[in-house]
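The values are calculated or read from the model by the stated rules, or taken from the named source; none is laboratory data. Model, not experiment: these values are computed from the prediction. All Cβ positions, glycine included, derive from the backbone under ideal geometry; neighbour counts span all protein chains shown. What goes into the accessible areas is simple: the full protein's heavy atoms, side chains included, and nothing from ligands, DNA or RNA. Shrake-Rupley method; radii C 1.70, N 1.55, O 1.52, S 1.80 Å.
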Amino acid sequence: MDIINKIQGYREEQEELRWEGTFADYLEILRERPEVAQTAHSRIYNMIKDAGVVEEGDRKRYLFFEDQIFGLEESVERLVEEYFHSAAKRLDVKKRILLLMGPVSGGKSTIVTMLKRGLEKYSRTDQGAVYAIKGCPMHEDPLHLIPQHMRKDFYNEFGIRVEGNLSPLNLMRLEKEYGGRIEDVMVERIFLSEDRRVGVGTFSPSDPKSQDIADLTGSIDFSTIAEYGSESDPRAYRFDGELNKANRGLMEFQEMLKCDEKFLWHLLSLTQEGNFKAGRFALISADEMIVAHTNEAEYKSFISNKKNEALHSRIIVMPIPYNLKISEEERIYKKMIEESDISHVHIAPHALKIAATFTVLTRIKESQKNDVDVLKKLKLYDGQNVEGFNNQDVVELKNEFADEGMGGIDPRYVINRISSAIIRKELTSINALDVLRSIKDGLDQHASISNEDRERYLNYISISRKEYDEMAKKEVQKAFVYSYEESAKTLMDNYLDNVEAYCNKNKLRDPLTGEEMNPDEKLMRSIEEQIGISENAKKAFREEILIRISAYARKGKKFDYQSHDRLREAIQKKLFADLKDVVKITTSTKTPDEGQLKKINEVIARLIDEHGYNSTSANDLLRYVGSLLNR
Ligand SMILES: Nc1ncnc2c1ncn2[C@@H]1O[C@H](COP(=O)(O)OP(=O)(O)O)[C@@H](O)[C@H]1O
Ligand SMILES: [Mg+2]
């Protein structure tokens with residue numbers, strides 16, 4: 001049994017990783033690998049960096065986030081550089097709370113969860129190893145044992161700066177258990193784990209009246225006061241608040257801005273001084289990153305409240321907007337569907353892409369630039385080629401609005417609508433039209449959408465629907481051509497031979513008879529007319545193509561029918577125009593004859609084998625395209 005082997009393997013590995021020794025032994029480790037003593041912030045940054053960084057021009061892509069966070073490269077880069085990286089360098093940033101701000105279901109919790117799970121794994125690697133005073137409920141940093149007045153010497157010898165004071169509990173243990181002999185204090189390697197409450201914690205506020213600050217900073221254990229004689233004996237205190245337990249790692253503070261003030265004050269001291277107050281003790285030093293998340297409205301109301309001013313400056317806000325790329329949105333849906341209970345349902349090609357088209361439309365703002373309609377903007381954002389635009393235009397579009405992506409439809413809504421359509425109708429196969437319909441029906445039930453937005457969204461649904469119509473027609477037409485690529489290539493080669501002869505005022509030779517012929521004007525025009533090139537413009541168009549071909553040749557690149565956007569479109573349209581009647585008649589006839597039936601079966605087989613349909617969705621598609629062509 002594989003799984004049993006794995007479980008055993010894990011246990012053995014765990015045994016191997018285990019380490020304990022005296023403080024003196026620990027110093028030997030530090031002498032060889034001083035990075036072991038890094039702060040929590042630095043460890044988190046290194047974890048992200050060690051997962052890999054890809055530099056693309058002046059941009060950096062952090063692979064750590066790549067298998068779960070899609071389309072947020074720019075926000076992630078900013079987050080890593082401006083927070084994690086600076087915090088790792090012990091800058092003031094480290095002392096601030098990281099607040100991820102963005103719209104609902106935009107990936108904030110996912111980012112935090114990845115950091116937590118990442119840390120758990122990372123602490124099991126050599127680079128991410130963490131050591132702590134053995135038996136300490138807060139897994140305190142062993143270096144706190146070094147008295148303040150010796151820290152300079154320690155720095156000179158080891159090159160490591162020590163921050164933070166020994167906690168009251170360990171101070172007492174040092175005296176009582178070790179007779180003050182620091183070098184004998186036992187140290188162990190720890191493995192961060194949220195389940196075991198080691199170095200990873202979550203605090204979520206409940207009812208402020210009943211919630212106790214103890215949840216955050218621990219509490220007195222009244223049952224042991226008698227034993228230790230006093231409330232201020234640290235042994236009578238349970239250091240089991242989230243802040244205690246998350247020491248050396250990360251604490252997620254959920255709904256921080258909704259939290260009662262008294263909780264926030266603890267954070268203030270923690271972020272200013274790196275310590276917090278628990279019970280009647282001296283301050284407790286903490287080495288942990290605090291991450292919170294919120295939405296824009298909540299954040300605005302928080303900063304507008306004067307009472308929060310002090311805390312305000314202790315927070316670093318990082319925007320996490322919605323993804324604005326259709327193809328990445330599609331990946332988000334695929335991931336969410338895989339994780340859901342509808343993963344067995346067949347989703348027809350284009351269904352998710354069309355849903356994503358709608359969703360991203362609701363998130364972007366319409367450009368003021370003349371020639372950029374919303375669909376063009378969407379394609380440019382998605383990295384697609386749009387005739388007449390270049391990268392600089394994309395940058396300008398992005399700079400046109402500062403806070404794009406902070407509103408609109410969230411991915412969870414789309415997934416819910418897809419599931420609800422599937423469950424309600426007991427579907428085993430769902431297509432783009434089903435999805436759009438379900439999204440539309442849901443808009444009425446969506447509580448937080450204003451009437452104005454609803455109007456706008458309905459318009460986006462119809463734009464998306466038109467996009468789908470085009471895709472559907474293309475797909476069927478392609479499937480009708482025996483070999484689409486080959487036909488396109490033949491037609492283009494033929495066109496180019498003629499264009500060349502035309503521009504150079506040459507004759508062509510008939511390949512069969514060897515006869516000389518004039519360039520075939522009729523053929524060239526029948527292609528050019530597909531994209532609206534007039535009689536007057538044809539010469540310029542043909543010459544431009546020849547120039548493009550020779551530019552390709554100079555660079556040693558092969559010019560094919562994909563190399564020129566407009567030519568490709570013309571060729572495609574020409575092929576489809578020739579087919580149109582066949583497609584139209586074949587797909588819409590109620591009583592196909594033998595030949596038509598054969599063709600339909602062929603097309604369906606091709607849709608299934610080559611384009612990812614199943615028989616239901618392929619038949620749906622044919623019927624739909626038939627009705628479109630007959631309009
Ligand atoms: N940019 C994104 N990349 C990958 N998944 C995303 C993205 N945005 C949202 N999701 C998915 O949407 C769902 C909700 O995200 P979540 O992290 O809970 O959002 P938030 O905490 O911002 O409300 C999750 O399943 C998440 O994986
Ligand atoms: Mg969340």
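Listing for the model above:
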| quantity | calculated |
| --- | --- |
| Cα-based reach from Lys365 at 12 Å (exclusive), listing aspartates and glutamates while leaving out same-chain residues under 8 positions away | Asp373, Glu400, Asp403, Glu404 |
| Selection of chymotrypsin sites (Phe, Trp or Tyr not before Pro), the stretch 338-411, meeting DSSP coil and at most 14 other Cβ within 10 Å | Phe401 |
| Mean ellipticity per residue at 222 nm, deg cm²/dmol - from DSSP H runs of n ≥ 4 across the chain, formula -39500 (n - 2.57) | -16000 deg cm²/dmol |
| Full-stretch length increase - Asp25, Leu546 - with 0.36 nm per residue and alpha-carbon distance subtracted | 180.0 nm |
| Binned Cα-Cα distance frequencies in the chain - 20 Å width, integer % | 15, 37, 28, 15, 4, 0 |
| Packing rank of 184-195, 500-511, where each peptide gets the mean count of other beta carbons within 10 Å, highest leading | 184-195, 500-511 |
| Which listed pairs, of Lys473/Lys574; Lys134/Lys176; Lys306/Lys398, have C-alpha distances above 23 Å, in listed order | Lys306/Lys398 |
| Solvent-accessible area per residue, Å², over the chain with all protein chains present [probe radius 1.4 Å] | 50 Å² |
| Across Lys369/Lys466; Lys353/Lys558; Lys522/Lys590, pairs whose alpha-carbon gap is larger than 27 Å | Lys353/Lys558; Lys522/Lys590 |
| Within the chain, percent of DSSP bridges classed antiparallel, to nearest 5 | 50 percent |
| The stretch 465-535: relative contact order as a whole-number percent, Cα under 8 Å and 6+ apart | 18 percent |
| Efficiency of FRET between Glu485 and Glu426 - r from beta-carbon atoms, R0 45 angstrom, step 0.05 | 0.70 |
| Added length on full extension, which subtracts the Cα-Cα distance from 0.36 nm per residue, Ser615 to Ser109 | 178.3 nm |
| Arg525/Lys176 FRET efficiency (R0 60 Å; Cβ-Cβ; nearest 0.05) | 0.05 |
| Potential lengthening between Ser223 and Glu157 on full extension [0.36 nm per residue; Cα-Cα distance subtracted] | 19.3 nm |
| Estimated FRET transfer efficiency when R0 is 56 angstrom, pair Ala605-Glu231 (beta carbons, to 0.05) | 0.10 |
| All-pairs Cα distance distribution in the stretch 310-362, expressed in whole percent, bin size 5 Å | 4, 17, 20, 17, 13, 7, 6, 8, 4, 3, 1 |
| Shape call, the stretch 462-598: gyration tensor on alpha carbons, a/c limit 1.5 | prolate |
| Cross-link reach list, lysines versus Lys277, counting only Cα pairs under 22 Å and skipping chain neighbours closer than eight places | Lys94, Lys95, Lys209, Lys245, Lys258, Lys262, Lys307 |
| Heavy atoms of His344: accessible area, 1.4 Å probe, square angstrom to 10 | 150 Å² |
| ³J(HN,Hα) computed for each position of the stretch 598-615 - Karplus, 6.51 cos²θ - 1.76 cosθ + 1.60, integer Hz, glycine/proline x | 4, 4, 4, 5, 4, 5, 4, 4, 5, 4, 6, 6, 10, 10, x, 8, 10, 5 |
| For the stretch 315-373 versus the stretch 548-585, the gap between their alpha-carbon centres in whole angstrom | 30 Å |
